[in-house]
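Working notes for the structure below.
The values are calculated or read from the model by the stated rules, or taken from the named source; none is laboratory data. It should be emphasised that the depicted structure is a prediction, and the values quoted were computed from it without experimental measurement. Methodologically, a virtual Cβ is constructed for each residue, glycine included, from the backbone with ideal geometry; neighbour enumeration extends over all protein chains shown. Each accessible area value is taken on the protein alone, full model and side chains, heavy atoms only, with ligands, DNA and RNA left out. Shrake-Rupley method; radii C 1.70, N 1.55, O 1.52, S 1.80 Å.
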Amino acid sequence: MELALRPSRASPIGKDRILHLDAEVLAIDKPVGVAAQEDLAGGDTLPELCTALLREMGERQTQALLVHRLDRGTSGATLLARTRRAQSALLGEFCEHRVRKEYRALVAPAPPADAGVSDSPVASRPALTRWRVVERLGSAAVIAALPETGRTHQIRVHLLALGSPLLGDKAHGGQAFLTTPAGVRHDFGRPMLHALSLDLRHPGGGPLHVEAPLPADFEAARAFLRAFCAAAD
């Protein structure tokens with residue numbers, strides 16, 4: 001009888017995605033396609049991948065505990081705790097709404113105003129998102145979204161209610177692609193939402209700021225929209 005052993009898989013999250021690392025906290029620039037928790041799509045979860053990364057780095061403490069969640073299709077700054085004490089402290093920051101969260105979103109059509117507040121309920125629960133236009137790109141825009149509550153799909157729902165859904169967010173009215181007057185097409189392979197930064201209190205005391213650079217697909221989409229805008233002028 002032969003026994004097939006499942007080979008251990010190397011983490012697809014490299015050291016270049018670490019935004020912050022100390023004895024209590026790990027901050028990661030989460031790539032698109034990685035789930036925070038096990039879901040129907042399968043695959044290793046973010047805590048599992050981070051544990052694998054810490055092991056590959058030779059860290060003695062390889063535990064990576066979930067604190068908050070980004071959707072599988074959302075990229076950007078994500079915190080994990082390395083101890084149970086740190087996890088409890090970080091969860092307290094999120095539950096008490098003391099974490100300042102900032103996202104970047106590509107939307108179309110652009111909102112008429114330059115800034116505002118969306119406070120419509122999400123799943124029958126109170127929710128509030130502050131937003132401002134960072135860049136106008138013809139009929140589209142780059143928006144900074146700052147959710148003050150943490151409802152599931154909150155930013156996506158609030159942008160739809162604003163009349164400016166995320167590009168690529170087909171579930172919430174977003175366009176899957178755009179085509180220039182010259183016939184050049186750009187497909188948005190996911191909702192164009194990126195968790196840019198987090199500001200909060202570190203479990204050990206003092207402030208903690210982490211920031212994740214805009215990913216390549218977001219930058220490519222923004223470059224296309226700039227070209228789209230120029231072609232339309």
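For the reader, a short list of remarks on this structure follows.
- Test: residue in the range 174-181 that is hydroxyl-bearing (Ser, Thr, Tyr), in contact with a Phe, Trp or Tyr (Cβ under 9 Å, 6 or more places away or on another chain) and exposed (fewer than 14 other Cβ atoms within 10 Å of the Cβ): yes
- Just one of the numbered conditions (1) modelled with pLDDT under 95; (2) assigned to a strand (DSSP E or B) is not true of THR152: (2).
- Here HIS172 clears all of (1) farther than 30 Å from ALA89 by Cα; (2) in contact with a helix residue (DSSP H, G or I) (Cβ under 9 Å, 6 or more places away or on another chain); (3) touching a residue at least 24 places away in the same chain (Cβ under 8 Å); (4) not hydrophobic (A, V, I, L, M, F, W, C) except the condition numbered (3).
- Annotation note: Cβ proximity below 8 Å between a residue of the range 93-106 that is under 25 Å from ALA223 (Cα atoms) and a residue that is open to solvent by 40 Å² or more (accessible area, probe 1.4 Å) and assigned to a strand (DSSP E or B) (sequence gap 6+ or interchain) occurs for ARG104/VAL134.
- Here VAL184 clears all of (1) out of contact with any His (no Cβ under 9 Å at 6 or more places or on another chain); (2) modelled with pLDDT of 95 or more except the condition numbered (2).
- For the range 117-164, a residue qualifies if it is touching a strand residue (DSSP E or B) at 6+ places or on another chain (Cβ under 9 Å), open to solvent by 20 Å² or more (accessible area, probe 1.4 Å) and within 22 Å of VAL67 (Cβ to Cβ), and the qualifying residues are LEU128, LEU146, GLU148, THR149, GLY150, ARG151, THR152, HIS153, ARG156.
- ALA110 vs. criteria outside any loop (DSSP other than H, G, I, E, B), touching a residue at least 40 places away in the same chain (Cβ under 8 Å) and open to solvent by less than 90 Å² (accessible area, probe 1.4 Å): no
Listed here are the residues, each with its yes/no results for (1) at pLDDT below 95; (2) among the β-branched types (Val, Ile, Thr).
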position	(1), (2)
ALA4	yes, no
ILE28	no, yes
GLN37	yes, no
LEU40	yes, no
LEU66	no, no
THR78	no, yes
SER88	no, no
GLU93	no, no
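- Residue match in the range 77-99 (condition: farther than 28 Å from PRO47 by Cβ, open to solvent by less than 40 Å² (accessible area, probe 1.4 Å) and not small (Gly, Ala, Ser)): no
- Residue in the range 209-231 that is charged (D, E, K, R) and touching a helix residue (DSSP H, G or I) at 6+ places or on another chain (Cβ under 7 Å) present: no
- For the range 84-107, the tally of residues that are in a loop (DSSP other than H, G, I, E, B) and out of contact with any strand residue (DSSP E or B) (no Cβ under 8 Å at 6 or more places or on another chain) stands at 2.
- The range 201-233, residues that are assigned to a strand (DSSP E or B) and either touching a Phe, Trp or Tyr at 6+ places or on another chain (Cβ under 8 Å) or open to solvent by 60 Å² or more (accessible area, probe 1.4 Å) (or both): ARG201, PRO207, HIS209, GLU211
- Failed criterion for HIS194 (all others in (1) under 26 Å from GLU96 (Cβ atoms); (2) open to solvent by 50 Å² or more (accessible area, probe 1.4 Å) hold): (2)
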